[in-house]
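J.: A single structure is presented below for examination.
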Amino acid sequence: MTELFGIPVQALFGQLLIGLINGAFYAMLSLGLAVIFGLLNIINFTHGAQYMMGAFCAWFLLERWGVGYWWSLLLAPLLVGVTGVVVERTMLSRLYKLDHLYGLLLTFGLALVVQGLFTNYYGSSGQPYRLPEEFIGSFNLGFMFLPKYRAWVIVASLIVCLGTWFVIERTKLGAYLRAATENPALVQAFGINVPRMITLTYGFGVGLAALAGVMAAPIYQVSPQMGANLIIVVFAVVVIGGMGSILGAILTGFGLGIVEGLTKVFYPEASNTVIFVIMVLVLLVKPAGLFGKER
Amino acid sequence: MATAPAAQPPSARAPRRSTILVATAVMAAALAVAPFLGVYPVFLMKALCFALFACAFNLLIGFGGLLSFGHAMFLGTAGYVCAHAAKEWGWPPEAAILAGTAASTLLGMVTGALAIRRQGIYFAMITLALAQMIFFFYLQAPFTHGEDGIQSVPRGRMFGVLDLSNTLVMYYVVLAIFLAAFLFIYRVVHSPFGQVLKAIRENEPRAISLGYDAERYKLLAFVLSAALSGLAGATKAIVFQLASLTDVHWTMSGEVVLMTLLGGMGTIFGPVVGAFAIVGLESYLAGFGQWVTVITGVIFVVCVLAFRRGIVGEIGAWWANRKA
């Protein structure tokens, strides 16, 4: 079996793998957006910049202090998450009483600031991030070679996504969170510190973006612009999935990554636009999104 | 989530009609003499094109409450069609500009019909995604010449008489287009249509219950805004003899949001003031590279946190308070 649908098997599975990897990042980023949106009612435009900050943080830790990949996986989301907490406390918290669109405008401005600053210091060319020793090499699956690191990214992102789903849907903390999404005033009346929960939720969502950034660092070049175009695709993913459900966001993310990968095989010209085309189709058929509820 | 109301801060009482007409006359007169006072006409033309773009955008956000994050697609589409018609087909400038505007109007109909299916934040994300799709289309389509853009577009003779290669003639043509569109927008905002649009912005379910077809009004506002943005883009292509990817990129969509926000959303003169301020700032900072992006971002943040009414909105509020 060397050909399938007239396409060499190697190429087909290769693109499928790339699609799956992209899908893992779509899933993690749209998950963070959905969690933030659920509680803050804000679309976090800075998400792409925070993803980039996570990647840069890992690169910086390695180049300056020799802090390796595994520690970065923990430290970068924490550090970037703290910046998120500061942003929420000092800026976003002033906007909750206003129209939600102001949150979008504010985070858009912040994204420009962050991207501009990083471009100033690091230029627009990418910095390579050395692959950790233990991930060098690949598995031979018989029909293709699967690089170890890529396998790790898929598995790790699945764990992160399902872990987030578990915390939100199956634990007491998650129950508070969902309750506060429905009716913050009532939850506060029960003695739960809702403002602090909002702050930590934003920090968590930002940390999730940074974690995705660290995982992306060895695959893509670490560059100031790496998040800018990605975030627009993630917006389309969010529109397609609808922000109503956590599992929906995960499924849509991975699914669209695979669709994009397959498009690269069968009709490469459309691979940049296929997700947007799907968004148009979904809007025509089910405006609330595949997993969304019309509210 | 309740349906997102308009992104409209509590504004001061609307200024009286005579005030606006006088201010418009003053603005027109100032712009007419500006080239003789030593202001560089190319700068003025650029600012006027962006002012028209921002006014068109403001029609949608300021009076319709719809935040589009993809307006660059109309600016860029009109630019490409206009440049292509003028250069490859040898059309006269007035026909090329009309062709560009028509193309944007069509695009506005299609994208508008899709985008108004969702509201608030989703509307912004959908317009952004649609614009990105259009961007990739132009990036790959052969007639746009990719990164190079369509260069050295002939300015030609408008109506066969006005020689646009003369910078001053070109300037007055741009000024005439701008003023006509500005008055048209003023007229639209104060027409029964504009009033219904404001009613929908304030309370859509109520407007529907009064028997207005909210979707149709929103779509019409969107198409009008797209058409006027297209007019700005087509004019810009003739002025700078260039249509490029910059005009379709999402940063351009962000820029027009900033101009309107800085000048004052929902005010008649705000977008004009904002466009002149931003274009001025950019040409002043042209040598500082990426700092422009940083400063643009900072202005965004400051406007949202402390200055939501924008320059014109704040002046209006101060004026109203003083009289009260």
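Every number here is computed from the coordinates shown, using simple stated rules; none is lab data. Just so we're clear, the structure is a prediction, and the values are computed from it rather than from any experiment. Neighbour counts are summed over all protein chains in view; Cβ atoms, including those assigned to glycine, are modelled from backbone coordinates with ideal geometry.
J.: Here are the criteria: (1) more than 14 Å from chain A (Cβ to nearest Cβ); (2) surrounded by fewer than 23 Cβ atoms within 10 Å (Cβ to Cβ); (3) charged (D, E, K, R). Tell me which single one B:E215 does not satisfy.
T.: With (1) more than 14 Å from chain A (Cβ to nearest Cβ); (2) surrounded by fewer than 23 Cβ atoms within 10 Å (Cβ to Cβ); (3) charged (D, E, K, R) applied to B:E215, the lone miss is (1).
For every residue, the table says whether it meets (1) buried (at least 17 other Cβ atoms within 10 Å of the Cβ); (2) over 19 Å from B:A23 (Cβ atoms).
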site: B:M259; (1), (2): yes, no
site: B:G263; (1), (2): yes, no
site: B:G270; (1), (2): yes, no
site: B:A277; (1), (2): yes, no
site: B:G280; (1), (2): no, yes
site: B:I295; (1), (2): yes, yes
site: B:V301; (1), (2): yes, yes
site: B:V304; (1), (2): yes, yes
site: B:R322; (1), (2): no, no
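J.: Those residues that are at negative phi and either more than 8 Å from chain A (Cβ to nearest Cβ) or in contact with a Cys (Cβ under 8 Å, 6 or more places away or on another chain) (or both), I need them from segment B:306-316; list them, please.
T.: Within segment B:306-316, B:A306, B:F307, B:R309, B:I311, B:V312, B:G313, B:E314, B:I315, B:G316 meet the criteria.
J.: Scanning segment B:137-176 for residues that are aromatic (F, W, Y) and away from chain A (no Cβ under 14 Å), which turns out nearest to B:P92 (Cα to Cα)? Please lay out each step first, then the result.
T.: First, the residues of segment B:137-176 that are aromatic (F, W, Y): B:137-138, B:143, B:159, B:171-172.
Checking the rest, the ones that are also away from chain A (no Cβ under 14 Å) come to B:143, B:159, B:171-172.
On the way: B:F143: 19, B:F159: 7, B:Y171: 17, B:Y172: 17 Å.
By that ranking, first place goes to B:F159.
Results for (1) among the β-branched types (V, I, T); (2) under 26 Å from B:W250 (Cα atoms); (3) more than 14 Å from every other protein chain (Cβ to nearest Cβ); (4) within 20 Å of the chain's Cα centre (by Cα), shown as yes or no for each residue.
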| residue | (1), (2), (3), (4) |
| --- | --- |
| B:A54 | no, yes, yes, yes |
| B:F57 | no, yes, no, yes |
| B:F74 | no, yes, yes, yes |
| B:T77 | yes, yes, yes, yes |
| B:R117 | no, yes, no, no |
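J.: Hey, among the residues in segment A:90-132 that are assigned to a helix (DSSP H, G or I) and surrounded by fewer than 17 Cβ atoms within 10 Å (Cβ to Cβ), which one's nearest to the other protein chains (Cβ to nearest Cβ)?
T.: Here the answer is A:N120.
J.: Still on this model: Are there any pairs with C-beta distances below 9 angstrom linking a residue in segment B:290-305 that is closer than 18 Å to B:W250 by Cα and more than 7 Å from chain A (Cβ to nearest Cβ) to a residue that is in a helix (DSSP H, G or I) and among the β-branched types (V, I, T), with the two at least 6 apart or on different chains, and if so which?
T.: Close Cβ pairs (under 9 Å, with a partner that is in a helix (DSSP H, G or I) and among the β-branched types (V, I, T)) amount to B:I295/A:V113; B:I299/B:I278.
J.: Taking B:I134, is it surrounded by fewer than 24 Cβ atoms within 10 Å (Cβ to Cβ), over 15 Å from the mean Cα position of the chain (by Cα), within 14 Å of chain A (Cβ to nearest Cβ) and of a type in the set (V, I, T)?
T.: Details: surrounded by fewer than 24 Cβ atoms within 10 Å (Cβ to Cβ): yes; over 15 Å from the mean Cα position of the chain (by Cα): yes; within 14 Å of chain A (Cβ to nearest Cβ): yes; of a type in the set (V, I, T): yes.
Judged against the criteria, B:I134 is a match.
J.: Criterion first (β-branched (V, I, T), touching a residue at least 12 places away in the same chain (Cβ under 8 Å) and within 14 Å of chain B (Cβ to nearest Cβ)) does A:T164 satisfy it?
T.: no
Residue-by-condition table, conditions (1) farther than 28 Å from A:G174 by Cα; (2) within 14 Å of chain B (Cβ to nearest Cβ); (3) in contact (Cβ under 8 Å) with a residue 40 or more places away in the chain; (4) in a loop (DSSP other than H, G, I, E, B):
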residue: A:A209; (1), (2), (3), (4): no, no, yes, no
residue: A:A212; (1), (2), (3), (4): no, no, yes, no
residue: A:P218; (1), (2), (3), (4): yes, no, yes, yes
residue: A:A236; (1), (2), (3), (4): no, yes, yes, no
residue: A:V239; (1), (2), (3), (4): no, yes, yes, no
residue: A:I250; (1), (2), (3), (4): no, no, yes, no
residue: A:G261; (1), (2), (3), (4): yes, no, yes, no
residue: A:K264; (1), (2), (3), (4): yes, yes, yes, no
residue: A:L281; (1), (2), (3), (4): yes, yes, no, no
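J.: Here's something else I'd like to know. Would segment A:72-86 turn up any residue that is over 18 Å from the mean Cα position of the chain (by Cα) and surrounded by fewer than 16 Cβ atoms within 10 Å (Cβ to Cβ)?
T.: yes
J.: Can you pull out every residue in segment A:223-234 that is among the aliphatic types (A, V, I, L, M) and either part of a loop (DSSP other than H, G, I, E, B) or facing chain B (nearest Cβ under 9 Å) (or both)?
T.: Within segment A:223-234, A:M226, A:A228, A:I232, A:V233 qualify.
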